[in-house]
Amino acid sequence: MFTGIGLIAFCCIFGAGLVGFLLGRRLPESHRAEATQKIVQTMMNVVAILSALVLSLLIASTKTAFDTRNKEIEQFAASLTLLDRELMHYGAEAKDSRDRLRAFTARKIALTWPDRGLRPMMDDPQTVEILDDIEAQVRAATPVNEVQRAGQTSALQLIGELKRTSRLLAVQQNSFTPRPFLVVVIFWLSVLFLSYAVFAPFNVTVLGAMVICAVSVSIGMNLIFDMDQPFAGFIRVSPAPMQQALDQMAP
């Protein structure tokens, strides 16, 4: 099952095929001659090649972006776990900081992976404030030995990484594949289906093949649309690393 732009693509492409069948029945016989068919199909091969190249480029681009978001979440979760371990070296003195870190992680999970139908909120002022408070507490702490001194330096570096990654995810939330690319590809594919249907016999086999092909192409378009929204689409970045980090922060 597909939704969004995949459904739009299917309606346009299959609809163009049906129009092609109707148009083919109305064209004069001289316009449906074998020579005309060969010329039209030769020209449409250029459009087919362009469509395949652009579609594969869009899928590869969105897949790369999706994998990048996934790695950023894994790195973010690893930094949270390491920061919690560094704070443990301070003992009871860091209890408030660790509590805040758990609250920060839980809120990040809730906002980044909301219920279906809700948009993720990557740029949340409250989580920024919590992280700033943790950083202030770490800076204000007075190390009593070399272990705590090294832990303070490492903790501040990890907080900086968390801030950087958090901001990067917020900026990337609005980075989408340009919609004109998708519109152009759908137009090209619609033209292809129309041109093929004009010269095709109208029977169940041809119609079934057209449906299967239109569904297959539309699923590809839907993959682009879903991977373009890694925290809100049907295909989402897994929250498992963040949940594991939260589970490991038990007092």
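A compact table of results
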{"quantity": "Any chance Asp123 is at pLDDT below 90, touching a helix residue (DSSP H, G or I) at 6+ places or on another chain (Cβ under 7 Å), part of a loop (DSSP other than H, G, I, E, B) and over 30 Å from Cys12 (Cβ atoms)", "calculated": "yes"}
{"quantity": "Candidates Val171, Val191, Val185, Val138 - the one that is of a type in the set (A, V, I, L, M) and either within 20 Å of Ala94 (Cα to Cα) or in a loop (DSSP other than H, G, I, E, B) (or both)", "calculated": "Val138"}
{"quantity": "Number of the exception - Thr177 against (1) in contact with a Leu (Cβ under 8 Å, 6 or more places away or on another chain); (2) assigned to a helix (DSSP H, G or I)", "calculated": "(2)"}
{"quantity": "Selection within the stretch 141-175 - touching a residue at least 12 places away in the same chain (Cβ under 8 Å) and surrounded by fewer than 13 Cβ atoms within 10 Å (Cβ to Cβ)", "calculated": "Val147, Ser175"}
{"quantity": "Criterion (at pLDDT below 85 and on the phi > 0 side of the Ramachandran plot) met by exactly one of Gly117, Gly151", "calculated": "Gly117"}
{"quantity": "Residue in the stretch 21-33 that is surrounded by the most Cβ atoms within 10 Å (Cβ to Cβ), counting only those that are without any contact (Cβ under 8 Å) to a residue 60 or more places away in the chain and closer than 19 Å to Val206 by Cα", "calculated": "Leu22"}
{"quantity": "Boolean, Thr112 is hydroxyl-bearing (Ser, Thr, Tyr), touching a helix residue (DSSP H, G or I) at 6+ places or on another chain (Cβ under 8 Å) and within 19 Å of Ile235 (Cα to Cα)", "calculated": "yes"}
{"quantity": "Within the stretch 167-194, tally of residues that are modelled with pLDDT under 90 and hydroxyl-bearing (Ser, Thr, Tyr)", "calculated": "2"}
{"quantity": "Those helices (runs of 4 or more DSSP H) lying entirely in the stretch 1-119 with at least 1 residues hydroxyl-bearing (Ser, Thr, Tyr) and over 30 Å from Glu135 (Cα atoms)", "calculated": "34-88"}
{"quantity": "Any pair with Cβ under 6 angstrom, 6 or more apart, that starts in the stretch 34-46 at a residue that is closer than 15 Å to Ala197 by Cβ and touching a residue at least 12 places away in the same chain (Cβ under 8 Å) and ends at one that is surrounded by 14 or more Cβ atoms within 10 Å (Cβ to Cβ) and not aromatic (Phe, Trp, Tyr)", "calculated": "Val40/Ser195; Met44/Leu192; Met44/Ser195"}
{"quantity": "Matching option when the condition is more than 18 Å from Thr165 (Cβ to Cβ) and within 15 Å of the chain's Cα centre (by Cα), among Ser61, Ser56, Ser51", "calculated": "Ser61"}
{"quantity": "Filtered residue count, the stretch 82-112, keeping only those that are in contact with a Pro (Cβ under 9 Å, 6 or more places away or on another chain) and over 18 Å from Pro143 (Cβ atoms)", "calculated": "5"}
{"quantity": "Residues satisfying the stated conditions in the stretch 219-243, i.e. part of a loop (DSSP other than H, G, I, E, B), among the hydrophobic types (A, V, I, L, M, F, W, C) and buried (at least 19 other Cβ atoms within 10 Å of the Cβ)", "calculated": "Phe231, Val237"}
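For (1) modelled with pLDDT of 85 or more; (2) within 13 Å of Leu223 (Cα to Cα); (3) of a type in the set (A, V, I, L, M); (4) touching a Phe, Trp or Tyr at 6+ places or on another chain (Cβ under 7 Å), each residue gets a yes or a no:
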position	(1), (2), (3), (4)
Thr3	no, yes, no, no
Leu7	yes, yes, yes, no
His31	no, no, no, no
Met43	yes, no, yes, no
Ile49	yes, no, yes, no
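The values are calculated or read from the model by the stated rules, or taken from the named source; none is laboratory data. Here the structure is a predicted model, which is why all the values come from computation and not from measurement. A quick note on method: Cβ atoms are made from the backbone with ideal geometry, for glycine too, and the neighbour counts reach across all protein chains shown.
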